[in-house]
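Chemist: Got a structure here, written out as structure tokens. Questions coming.
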Amino acid sequence: MSIFQKLDAATKNRDAEAYIDLMADDCVFVRHQNGTEMNKPQISEMLRKMMSAGGADMGNRRCLYENDDILVVHSVNDYPDGTREAVLASYSLLDGKITRLETGATPLAK
């Protein structure tokens, strides 16, 4: 099963722990909102909130490209504060784990 398939299943099932298990211990997330970086414990906390009941709706995810080094995913996400974004995510991969995640997003009208 590809990283995308595992990531997509974890997202659809709102299974934060399965998503977190796909990340390397030194994984870094570069946030599109402000360019700051988050480490794995910070990413894990964010994912648990986003995937909890009442959290973000990650919409349908599409794999645009995947190989052993990179995964590129597009989705339209709806957030609890009423905002909606088209998100393009680039996952750097090493040995079957996510080592870096960077996103770009475009705000959308509901």
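The values are calculated or read from the model by the stated rules, or taken from the named source; none is laboratory data. Just so it is clear, the structure is predicted and the values come from calculations on it, not from any experiment. So basically every Cβ, Gly included, is an ideal-geometry build from the backbone, and we count neighbours across all protein chains shown.
Chemist: Do we find that Ala10 is surrounded by fewer than 16 Cβ atoms within 10 Å (Cβ to Cβ), of a type in the set (Gly, Ala, Ser) and outside any strand (DSSP E or B) in this structure?
Modeler: Details: surrounded by fewer than 16 Cβ atoms within 10 Å (Cβ to Cβ): no; of a type in the set (Gly, Ala, Ser): yes; outside any strand (DSSP E or B): yes.
Answer is no for this residue.
Chemist: Against the definition (in contact with a Ser or Thr (Cβ under 9 Å, 6 or more places away or on another chain) and on the phi > 0 side of the Ramachandran plot), how does Gly59 come out, yes or no?
Modeler: On the way: in contact with a Ser or Thr (Cβ under 9 Å, 6 or more places away or on another chain): yes; on the phi > 0 side of the Ramachandran plot: yes.
Yes, satisfied.
Chemist: Just need a number here: residues in segment 34-45 that are touching a residue at least 12 places away in the same chain (Cβ under 8 Å) and aliphatic (A, V, I, L, M).
Modeler: 1
Chemist: I've got another one for you. Among the listed residues Asp26, Asp21, Asp68, Asp78, identify the single one that is over 12 Å from the mean Cα position of the chain (by Cα), surrounded by 14 or more Cβ atoms within 10 Å (Cβ to Cβ) and on the phi < 0 side of the Ramachandran plot. Even if it seems obvious, please write down each step before you answer.
Modeler: Working: Asp26 fails: surrounded by 14 or more Cβ atoms within 10 Å (Cβ to Cβ); Asp21 fails: surrounded by 14 or more Cβ atoms within 10 Å (Cβ to Cβ); Asp68 fails: surrounded by 14 or more Cβ atoms within 10 Å (Cβ to Cβ).
Answer to the check: Asp78.
Chemist: From the list Tyr19, Tyr65, pick out the single residue that is at pLDDT 95 or above, of a type in the set (Phe, Trp, Tyr), within 18 Å of Leu93 (Cβ to Cβ) and not in a helix (DSSP H, G or I). Quick ask: steps written out before the conclusion?
Modeler: Values: Tyr19 fails: not in a helix (DSSP H, G or I).
The conditions single out Tyr65.
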